[in-house]
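The values are calculated or read from the model by the stated rules, or taken from the named source; none is laboratory data. Everything quoted here is computed from the prediction, not taken from an experiment. Don't worry about glycine lacking a Cβ; one is built from the backbone with ideal geometry, like all the others, and counts go over all protein chains shown. Accessible surface areas use protein heavy atoms only, side chains included; no ligands, DNA or RNA. Shrake-Rupley method; radii C 1.70, N 1.55, O 1.52, S 1.80 Å.
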Amino acid sequence: MTNKWIRLIILLGIIVVVSACSSDANSDNDQGNKGEGDKELTIAIDQNFVTLDPQNAGDTVSIFGTRAMYEGLVGFNEHMEIEPVLAEDYQVSDDALTYTFQLRKDVTFHDGEPFNADAVKANYERIIDEDNDLRAKRNLQYVEKLEVINEYEVAFILNQPFSAMLNKFAMVPFISPKALEDDEKDIALHPVGTGPFKFIEWNQGDSLVLEKYNDYWNAANSDAEKVTFKPVPENGSRAAMLKTGEADFVYPVPQQDIKELESNSDVVIEKTPSTIARYVSINTFKEPFNNEKVRKAMNYAVNKDAYIKVVKNGYGNILDSTMSTETQYYTKQEPYEFNLEKAKDLLTEAGYENGFEAEIWGNTSSETLQGMEFIKQQLAEIGIDVTIKSMEEGTLSDEIYTPETPKDAKVQMWYVSWSPSSGDADGATRSLFSSEYFPPNGANTAYYNNSDVNTWIHVANETSNIDEQEEIYANIQSTVYREAPWIFLATDTILSGHRKNLEGVYVLPDGSVSIKNAQFK
């Protein structure tokens with residue numbers, strides 16, 4: 001064999017080796033980080049969406065899912081401060097009864113329909129229609145009428161001053177009038193909004209897929225071409241998806257995985273103070289929970305410090321009021337300190353010295369199951385034998401919110417959290433503690449009823465005096481906390497994680513995920 005052929009064989013061998021090494025490297029990259037130029041955003045969350053009707057969404061996951069596709073006249077920035085969105089400007093009259101909005105003129109819905117005053121009118125009429133029974137109606141309950149001033153200006157006239165009105169406008173998204181006209185009932189499955197992303201498909205229980213809306217009025221905000229929300233209830237699976245790059249953003253990040261993930265150079269962990277209050281709602285309409293001593297005994301029997309350590313891995317604070325420290329007009333209360341003897345004495349005084357049987361409901365996420373197990377173990381120490389009933393989120397929501405009267409409600413205890421998505425004290429109070437908001441009208445799943453609290457809630461809404469509002473909400477918090485319609489547990493520290501090459505996706509203090517500014521480095 002000539003030297004020429006030997007040199008050729010050696011050269012070919014080098015090419016094969018280099019090619020193989022290059023192929024292996026690419027293979028490793030495919031298993032981890034997304035390839036260069038990939039603009040697909042995958043977000044792993046712990047629960048399923050309940051509905052995609054933005055005007056009937058009540059759970060946090062459904063709210064932030066619809067916010068990616070829908071917008072309101074105003075909205076929230078990352079600090080839950082009000083900012084203009086579909087309205088480029090607005091004014092409030094001196095008597096606080098008229099809210100006038102100047103609408104943007106360069107906005108279209110995903111189906112090409114223009115956003116204008118007629119669109120606002122069509123949505124307003126849908127929301128206030130009693131037959132539709134939409135959750136958004138509560139946000140507009142003090143609106144007496146809507147006036148269309150011209151094609152791009154509207155005014156909402158209130159029947160009384162309402163201190164939280166701007167925050168409530170931020171909770172009212174707008175749907176394409178054409179989509180409403182074509183098939184209003186189909187909106188929950190086929191959304192049509194004005195947001196930065198438009199609907200592709202919803203495989204219920206599996207994924208929600210969106211794509212970039214190229215005619216978005218503020219298109220420079222995101223370079224993500226496609227977004228997939230994947231409900232992943234199992235904690236370990238979400239953490240693994242973040243490590244491998246299968247998910248670009250994960251919320252919530254399991255507390256037990258934080259240290260390992262923080263040591264991963266491809267992952268960034270974010271810790272955010274929250275407005276999320278975590279508690280067990282107690283049905284005060286049912287025996288023996290209608291006895292205040294029983295409810296207080298349950299509070300004293302649960303070690304809140306241990307709860308934060310065991311269930312939250314140390315990430316959280318004791319819930320020492322009816323709302324988080326991050327919520328407007330929060331007032332600290334004296335917490336129910338862990339005291340088994342006091343708990344047993346209260347049960348004996350209430351006539352339940354031998355305890356009783358009870359049932360606690362919750363969703364299927366890993367953390368919820370762990371939390372319910374903790375409550376079960378704690379209450380067992382004072383003779384309360386708790387059975388855990390775990391349900392998929394949609395089924396649980398139906399069981400909780402469909403009973404027409406307190407007598408029809410089967411729930412005894414519900415392990416749950418609440419965050420005022422409207423960012424105000426009213427959002428953390430009225431729907432939870434007013435007797436007007438028993439299910440199906442609201443989230444007062446404790447069926448709590450105190451005439452003073454009912455009156456205070458109305459008075460707080462009607463006054464524009466900040467000092468008066470603060471005093472009223474302090475009275476509400478102290479009264480409710482004392483009467484214990486909940487087992488008060490903790491406020492969350494929001495733990496989210498993202499791949500290092502992703503920016504602009506974040507969790508607001510209310511627990512909702514914002515993707516409108518998603519950018520890949």
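Scanning residues 5 or more positions from VAL154 or on other chains, those with amide H under 5 Å from its amide H are PHE101, LEU103, ILE149, with H placed 1.01 Å from N in the peptide plane.
Using the Karplus relation 6.51 cos²θ - 1.76 cosθ + 1.60 with θ = phi - 60°, the per-residue 3J(HN,Hα) values for the range 56-64 come to 9, 7, x, 8, 4, 5, 5, 5, 6 Hz, with x marking Gly and Pro.
Near VAL267: Cβ cut-off under 11 Å, other residues only, Lys/Arg at +1 and Asp/Glu at -1. The net charge is -3.
Accessible surface for the range 416-505, divided over its residues, is 31 Å² per residue with a 1.4 Å probe. Rounded to whole numbers, the Karplus 3J(HN,Hα) couplings from phi for the range 502-514 are 10, 10, x, 9, 8, 9, 6, x, 7, x, 9, 8, 9 Hz, using 6.51 cos²θ - 1.76 cosθ + 1.60 with θ = phi - 60°, and x at Gly and Pro. What FRET efficiency comes out for ASP186 versus GLU78 if R0 is 56 angstrom and r is the Cβ-Cβ distance? Round to the nearest 0.05. Plugging the Cβ-Cβ distance into 1/(1 + (r/R0)^6) gives 0.95. For the range 249-347, the Cβ-based charge dipole about the Cα centre amounts to some 400 debye (Lys, Arg positive; Asp, Glu negative; other atoms uncharged). Cross-link pairs exceeding 21 Å in C-alpha to C-alpha distance, out of LYS212/LYS271; LYS286/LYS312; LYS344/LYS389; LYS226/LYS521; LYS230/LYS516; LYS296/LYS376, comprise LYS212/LYS271; LYS286/LYS312; LYS344/LYS389. Summary: within the chain, the longest segment free of GluC sites (Glu not before Pro) located in DSSP loops with at most 11 other C-beta atoms within 10 Å is 131-403.
Starting from the Cα gyration tensor of the range 106-176, take the square roots of the eigenvalues, sort them a ≥ b ≥ c, and report rounded, prolate or oblate (rounded when a/c is under 1.5, otherwise prolate if a/b is larger than b/c, else oblate).
Prolate, because a/c is 1.5 or more and a/b exceeds b/c.
One chain, two ends: ASP452 and GLU270. Fully extended at 0.36 nm per residue, the span grows by 61.4 nm beyond their Cα-Cα distance.
Accessible area per residue was computed with a 1.4 Å probe on protein heavy atoms; ARG138 scores about 60 Å².
Restricting to the chain, compute how many DSSP beta bridges are antiparallel as a %, nearest 5.
75
Going by accessible surface with a 1.4 Å probe and the largest first, ARG104, ARG430 read ARG104, ARG430.
Charged neighbours of GLU211, selected by a Cβ distance under 9 Å, balance to +2 (K, R count +1; D, E count -1).
The relative contact order of the range 162-318 comes to 10 percent, based on Cα pairs under 8 Å that sit 6 or more residues apart. Other residues lying with their Cβ under 12 Å from the Cβ of GLN102 contribute a combined charge of -2, Lys and Arg counting +1, Asp and Glu -1. When the surface is traced with a 1.4 Å probe over the full set of protein chains, TYR506 keeps roughly 40 Å² accessible.
Computed extension length for ASP129-GLU341: 71.0 nm, one decimal, from 0.36 nm per residue of separation with the Cα-Cα distance subtracted. Once the chain from GLN91 to SER390 is taken as fully extended at 0.36 nm per residue, the excess over their C-alpha distance is 102.9 nm.
Across the chain, C-alpha contacts under 8 Å between residues 6 or more apart give a mean separation that, scaled by the residue count, equals a relative contact order of 19 percent.
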